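Heads up: the structure comes next, in structure tokens.
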Amino acid sequence: NKRFYLDVKQNVKGRFLKIAEVGAGGNKSRLTLSMSVAVEFRDYLGDFIEHYAQLGPTNPDIVQDEPRRALKSEFLVRENRKYYMDLKENQRGRFLRIRQTVNRGPGLGSAQGQTIALPAQGLIEFRDALAKLIDDYGVDEEPAELPEGTSLTVDNKRFFFDVGSNKYGVFMRVSEVKPTYRNSITVPCKVWSKFGNTFCKYADEMRKIQERSREKRASDLLPEGPHGGDDEE
């Protein structure tokens, strides 16, 4: 009872992709992606399709007990937009929920997000339609040579380090992701060295503090020597 439309549009910034979900009552939800983000989105869809194919049959008991549990999640940040992708399931089946939020600028917060839900059994068809639009209308620009992104996991947190570029130059997006929390900062390339030196400075100071603390604890555990005094005759 849903229809999905994919349209390539163009404005002063270049070509972009608009994805619209239209419900039975005419309600619409829309996502917008630059063509470069659309390429990444297509690749993420491939990962979700592969994961979905490996899942067993739906367990009604699990769906009833954990209706909000995500089977697989991904998080994408590009310029002022964030995209949250979650493969989920409910009594009607499995689906890929995609939510987009837009950062309007310092002090203005994020605009109200838009969300669409793709039925899992239609992901291949959707991915193929998206791939065709990218092949037909993608802008063949020489991409800037940038380092690959990386991530690290600490306890229940995951940190993503993604290098990107825009009209203002090269930047690094550092994203902190927890099961119920996401946040990110953008660091311009020109201050990476200062950031790195600051981290190294505090890491070195903290190492010295910890060493002094260990030495103090070790000295406190040493037995006291015998007390001096005159021998009794």
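Bear in mind these aren't lab numbers, they're just calculated from the coordinates by the rules spelled out. Not measured: the values here are computed from a predicted model. Virtual Cβ from ideal backbone geometry, glycine too; neighbours counted across all protein chains shown.
What the Cβ-Cβ distance of residue 90 and residue 11 gives, at R0 = 41 Å and to the nearest 0.05, is a FRET efficiency of 0.65. Straight-line reach from residue 208: taking Cα to Cα under 27 Å and skipping same-chain neighbours fewer than 8 places apart, the lysines in range are 157, 194, 216.
Counting only residues at least eight positions apart within a chain, or on another chain, the lysines with an alpha carbon under 27 Å from that of residue 28 are 2, 9, 13, 18, 72, 82, 88, 132. Here the extension length gained between residue 99 and residue 148 equals 15.2 nm, from 0.36 nm per residue of separation less the Cα-Cα distance. As a calculated quantity, the FRET efficiency between residue 194 and residue 155 at R0 = 22 Å, using C-beta atoms, amounts to about 0.20.
Listed values for the range 85-91 are Karplus-derived 3J(HN,Hα) couplings in whole Hz (6.51 cos²θ - 1.76 cosθ + 1.60, θ = phi - 60°), namely 10, 9, 8, 10, 8, 9, 4, and x replaces Gly and Pro.
The amide H of residue 72, built 1.01 Å from its N in the peptide plane, has 87 as neighbours under 5 Å, considering only residues 5 or more places off or on other chains. Sorted ascending by nearby beta carbons within 10 Å, beginning with the fewest, 181, 84 become 181, 84. Exposure proxy for 150, 32: other Cβ atoms within 10 Å of each Cβ, ordered fewest to most, give 150, 32.
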